[in-house]
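The values are calculated or read from the model by the stated rules, or taken from the named source; none is laboratory data. Here the structure is a predicted model, which means the values were calculated and not measured. Because the Cβ atoms are built from the backbone with ideal geometry, glycine has one as well, and the counts that use them run over all protein chains shown. Just the protein is used for accessible areas: all its heavy atoms, side chains included, with ligands, DNA and RNA removed. Shrake-Rupley method; radii C 1.70, N 1.55, O 1.52, S 1.80 Å.
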Amino acid sequence: METLRVLVEPQRLRVYEHLLAAPTPPTLAQLATALDMGRTLLAFHLGKLVDAGFVESLAPEAGQGRRGRPSQHYRVTRREVSASVPARRYELIAEVLLAAASGAGTAHEIARRRGAALAAPTASRPARTRTGLLAQVERLLSRLGYAPHRRGDEIVLANCPFDRLRDTNLELVCSLNQALAEGYLDGLGAREQLSAQLRPCPDHCCVVIS
């Protein structure tokens, strides 16, 4: 969300949209003329866009006989940022299915491996108690957008990051979600104490950690 705030400012968004549509990367001077914007203000907005990773400056080309320092050119990067409320992770299912289609394994095997990889950063400090392990799982699931909450000795997931896809193929999406959850537990070294159970519910995600 912090990254998206960079584009909230109307003039900065205007700069980004102009660069996105530009057939060739323009210079600061060319941008200032096209947008009728002062160079100092334009340089400020470009700096914010570069810092956020939305725009990059290209190394100046040789002066071709001209005096002075060659001008930098600017273009948008390939960075993509999206936001949704509640959180959705449709690209995760797409990655799994594309990998399966390319022959990297079954979709469920790939989902489990992907889940373990996503859990790896959280697993750097293994929990020593069951309570600590549940808290560690909750932190991971919160980061991934599941909106987890404790219900007794279980973790219930209030949000399904793949919600709309369930309308297309409920059985497949829920089973892949379970495989991802098993991968999360694998990555955290929690499979001996916790399990990811498939328990479909219209008001919650189909997976419960218990």
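What the table below lists for this structure:
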{"quantity": "Segment 1-21: number of residues that are in contact (Cβ under 8 Å) with a residue 24 or more places away in the chain, assigned to a helix (DSSP H, G or I) and exposed (fewer than 14 other Cβ atoms within 10 Å of the Cβ)", "calculated": "4"}
{"quantity": "Selection within segment 127-159 - closer than 23 Å to residue 202 by Cβ and among the polar types (S, T, N, Q)", "calculated": "142, 159"}
{"quantity": "Pick from segment 62-86, criterion more than 22 Å from residue 148 (Cβ to Cβ) and open to solvent by less than 60 Å² (accessible area, probe 1.4 Å), ranking: modelled with the lowest pLDDT", "calculated": "63"}
{"quantity": "Lone unmet requirement of (1) exposed (fewer than 13 other Cβ atoms within 10 Å of the Cβ); (2) modelled with pLDDT of 90 or more; (3) basic (Lys, Arg) for residue 48", "calculated": "(1)"}
{"quantity": "Top-ranked residue in segment 139-153 [being free of Cβ contacts under 8 Å to residues at least 60 places away in the same chain and either over 15 Å from residue 181 (Cβ atoms) or assigned to a loop (DSSP other than H, G, I, E, B) (or both); ranked as most open to solvent (accessible area, probe 1.4 Å)]", "calculated": "151"}
{"quantity": "Residue under evaluation residue 178, criteria (1) touching a strand residue (DSSP E or B) at 6+ places or on another chain (Cβ under 8 Å); (2) over 25 Å from residue 97 (Cα atoms), criterion not met", "calculated": "(2)"}
{"quantity": "Subset tally (residues that are modelled with pLDDT under 95, of a type in the set (Asp, Glu) and within 21 Å of residue 113 (Cα to Cα)) for segment 158-186", "calculated": "2"}
{"quantity": "Qualifying residue in segment 113-122 (condition: touching a Ser or Thr at 6+ places or on another chain (Cβ under 9 Å) and modelled with pLDDT of 85 or more)", "calculated": "no"}
{"quantity": "Test result for residue 89, open to solvent by 50 Å² or more (accessible area, probe 1.4 Å), in contact (Cβ under 8 Å) with a residue 24 or more places away in the chain and touching a Phe, Trp or Tyr at 6+ places or on another chain (Cβ under 9 Å)", "calculated": "yes"}
{"quantity": "Cβ pairs under 9 Å, 6+ apart, first in segment 182-202 and more than 14 Å from residue 133 (Cα to Cα), second open to solvent by 50 Å² or more (accessible area, probe 1.4 Å) and in a loop (DSSP other than H, G, I, E, B)", "calculated": "182/191"}
{"quantity": "Of all residues making up segment 114-155, the number that are touching a Lys or Arg at 6+ places or on another chain (Cβ under 8 Å) and among the aromatic types (Phe, Trp, Tyr)", "calculated": "0"}
{"quantity": "Residue identified as outside any loop (DSSP other than H, G, I, E, B) and either touching a residue at least 60 places away in the same chain (Cβ under 8 Å) or polar (S, T, N, Q) (or both) among 40, 24", "calculated": "40"}
{"quantity": "Hey, residue 165 open to solvent by 10 Å² or more (accessible area, probe 1.4 Å), within 19 Å of residue 86 (Cα to Cα) and out of contact with any Lys or Arg (no Cβ under 6 Å at 6 or more places or on another chain) or not", "calculated": "yes"}
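Condition check ((1) within 20 Å of the chain's Cα centre (by Cα); (2) in a helix (DSSP H, G or I); (3) buried (at least 18 other Cβ atoms within 10 Å of the Cβ)) across all residues:
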| position | (1), (2), (3) |
| --- | --- |
| 110 | yes, yes, yes |
| 115 | yes, yes, yes |
| 123 | yes, yes, no |
| 133 | no, yes, yes |
